[in-house]
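The values are calculated or read from the model by the stated rules, or taken from the named source; none is laboratory data. Predicted model, so just to flag it, every value in this text is computed and none were measured. Glycine also receives a Cβ, built like all others from the backbone with ideal geometry; neighbour counts cover every protein chain displayed.
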Amino acid sequence: MNYILYDGAFRNALLPFTYTRPVADIRIGILTIREKWEYFLRLTTTTLTEEYLEEKYPILEMENNIFINAGYIPNKSFFNAVKKLQKNQAVICNDEMIAFYSHKEQEEIDFSTYEIVEVEGVKAIEYKWDLFLHNDYAIREDYKQITKDSFSAEIPKWVQAINKNQIFIEEGAVLNPCILNASQGPIYIGKDAVVLDGAMIRGPFSLGEKSIVKMGSKIYGATTIGPNCKVGGEVKNSIMFANSNKGHEGYLGNSVVGEWCNFGADSNVSNLKNTYSNVSVWCYENEIYQKTKQLYCGLIMGDHSKTSINTMFNTGTVVGVSAHIFSFNIPEKFIPSFSWIGNKTNDVYNFKKAVRTAKRMMALSSQEISEQDISILEHVYQLTKKYRNIHE
């Protein structure tokens with residue numbers, strides 16, 4: 001059987017993250033949505049996404065295909081329903097179609113002729129803030145899948161570990177004297193990850209492969225630090241996708257950060273308004289500030305964006321792709337992609353310079369930016385011009 005993950009109706013609501021990736025490659029919990037499906041299916045998936053992303057994320061259709069909406073966090077009932085799908089069947093949750101079977105003989109799909117398989121309890125990633133809202137649930141679900149029938153490396157004797165049976169350490173991970181408190185949720189430490197001296201970590205928590213928790217860090221659940229990241233200071237209920245750095249003091253709460261981002265020392269994020277009222281967040285779909293109905297909401301930051309030292313973000317700030325902020329003043333709550341924001345500067349970040357910066361940062365991790373990635377960034381640069389014009 002061939003499995004295809006498609007973006008679905010939530011794609012635009014998940015910008016800026018979906019400017020540079022399909023919905024399937026968003027990280028929530030320990031794994032990305034794609035990794036969750038491939039871990040369960042033991043098969044490679046392909047993607048139905050925006051045309052400009054197709055070269056990097058191609059679709060492969062075969063005689064028989066199952067299409068899966070990547071905007072839903074898979075659980076056991078969803079996995080099993082998809083695995084058992086037959087011709088002319090579709091999976092429904094809360095009256096929304098989340099998977100269906102197709103075959104080449106069908107010129108058009110008439111879903112009115114399909115048999116419906118209902119599942120319950122499948123959580124949708126409908127809004128950007130759903131990523132941190134559902135991260136507790138997603139870490140627990142991934143932890144159960146990954147650690148089932150597996151054995152943790154031994155926890156070193158110099159680590160103060162609470163609720164040890166909910167702590168899983170992968171091969172090659174290095175733990176210096178630190179505190180791991182899994183009394184409120186599981187803690188997963190990935191392969192070759194490092195936790196430095198004096199770090200205090202409360203679950204649910206996930207640390208990706210080759211990532212580093214810096215000395216004296218204070219990390220609360222439910223937090224995910226993806227592969228090849230550095231994290232320090234104080235972090236609460238946040239996600240860093242991969243390859244990003246917040247290596248110094250400063251607060252990050254109820255936030256989601258993409259790939260190849262960097263926070264200057266003492267960058268801070270507000271996640272609670274001093275009026276204790278609900279937060280509004282920039283919505284790309286309607287080009288307005290949208291009410292989240294959430295009391296807590298921090299920073300939403302797209303790939304390749306950077307801050308200088310002492311940068312401060314207001315509650316519910318949305319930063320696009322490849323924006324640079326070096327202002328000692330609190331910037332606007334919506335910072336468009338490829339913006340260059342200083343104390344007295346509100347300019348466009350030259351595309352060629354942005355690519356050079358991306359190359360330099362990736363080289364520090366012995367990685368190279370591909371022509372596909374440059375093409376995607378160039379498309380995003382053109383696509384987001386209208387937002388920069390608003391601020392020019």
Worksheet entry | Selected residue (only one of A358, A354 is in contact (Cβ under 8 Å) with a residue 60 or more places away in the chain, touching a Leu at 6+ places or on another chain (Cβ under 9 Å), assigned to a helix (DSSP H, G or I) and under 21 Å from Y52 (Cβ atoms)) | A358
Discussion item. For the stretch 95-126, give me each residue that is in contact (Cβ under 8 Å) with a residue 24 or more places away in the chain and either farther than 28 Å from L14 by Cβ or outside any strand (DSSP E or B) (or both).
Written reply: H103, K104, T113, Y114, E115, V119, E120, G121, V122, I125, E126
Discussion item. Need the failing condition index for N75 against (1) closer than 29 Å to Y19 by Cβ; (2) touching a strand residue (DSSP E or B) at 6+ places or on another chain (Cβ under 7 Å); (3) touching a residue at least 60 places away in the same chain (Cβ under 8 Å), just the number.
Written reply: (2)
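Just to be sure before I move on: is Y188 surrounded by 14 or more Cβ atoms within 10 Å (Cβ to Cβ), at pLDDT 95 or above, in a helix (DSSP H, G or I) and of a type in the set (F, W, Y) in the structure I sent?
Values: surrounded by 14 or more Cβ atoms within 10 Å (Cβ to Cβ): yes; at pLDDT 95 or above: yes; in a helix (DSSP H, G or I): no; of a type in the set (F, W, Y): yes.
Taking the combined requirement at face value, the residue does not satisfy it.
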Practice prompt. Would you check which residues across the stretch 259-292 are charged (D, E, K, R) and either outside any loop (DSSP other than H, G, I, E, B) or within 21 Å of the chain's Cα centre (by Cα) (or both) and list them?
Written response: E259, E285, K291
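Got at least one residue in the stretch 137-149 being of a type in the set (D, E, K, R) and part of a loop (DSSP other than H, G, I, E, B)?
Here is the first cut: in the stretch 137-149, the residues of a type in the set (D, E, K, R) are 140-142, 144, 148-149.
Going one step further and asking which of them are part of a loop (DSSP other than H, G, I, E, B), we end up with 148-149.
Yes: one or more hits.
Does I219 satisfy the condition of being more than 18 Å from W129 (Cα to Cα), touching an Asp or Glu at 6+ places or on another chain (Cβ under 8 Å) and not basic (K, R)?
Yes: the conditions hold for I219.
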Fill in: Lone qualifier among K87, K128 - being touching a strand residue (DSSP E or B) at 6+ places or on another chain (Cβ under 7 Å), at negative phi, surrounded by 15 or more Cβ atoms within 10 Å (Cβ to Cβ) and not hydrophobic (A, V, I, L, M, F, W, C)
K128
Discussion item. I'm trying to understand the selection: among the residues of the stretch 127-181, which are touching a Gly at 6+ places or on another chain (Cβ under 7 Å) and within 30 Å of G8 (Cβ to Cβ)?
Written reply: N135, D136, A138, I139, R140, E141, D142
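Residues of the stretch 291-305 being in contact (Cβ under 8 Å) with a residue 40 or more places away in the chain and either out of contact with any Ser or Thr (no Cβ under 8 Å at 6 or more places or on another chain) or surrounded by fewer than 22 Cβ atoms within 10 Å (Cβ to Cβ) (or both), which ones? Show your work before the answer.
We begin by selecting, within the stretch 291-305, every residue in contact (Cβ under 8 Å) with a residue 40 or more places away in the chain; these are 292, 294, 296-305.
Matches in the stretch 291-305: T292, Q294, Y296.
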